[in-house]
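Contents: one structure, followed by commentary.
Derivation of every value follows stated rules applied to the coordinates shown; laboratory data play no part. Source: prediction; values computed, not measured.
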Amino acid sequence: MIPLLKKTILILVISSSAAIAQTPKPTINDLSWLTGCWEANRKGREISEHWMKPSGRMMLGMGRTVADGKTVEFEFLQIREDSDGPIQYVAKPSGQPEAAFKLIKLQNREAIFENADHDFPQRIIYRLQPAGSLFAQIEGKLQGTDKRD
């Protein structure tokens, strides 16, 4: 009985390892749910973000925040798939240097990008909600304090 149990466990371990090895690498097309124009009003600020559909191994986007009738922030965005590396989120915010964030999770219409060495944010999260709205959040540490926006 014991040899049969050992054989069964060995087969399960081998099967699990094969299934993990066959998990496909995400592609830019797996982020197509992000395509569109997204808008929110928070704390008297109009925030809009626009994403083009995936094409040429890239999505292009732009964002703008307006407060009191004036643009207070804007950024140009890319999500790009390099042939030999991970998918990257690249942001060029107004008045700041470009920053790149590596895709660390893509599952169930949720994407998390991370750059632990960036000042703030260190993570960018997008999640398509069941009702069709987009949840977007940046988070990390700012001057040693956890912050989410």
Any chance you could run the full-extension gain for residue 141 through residue 117? It's 0.36 nm times the residue separation minus the Cα-Cα distance, nm to one decimal. 7.6 nm
How big is region 26-148 by Rg and Dmax over its Cα atoms, in Å? 14.3, 45
Past 21 Å, Cα to Cα, is the threshold; run 43/92; 25/53; 25/147 against it and keep the listed order. 43/92; 25/147
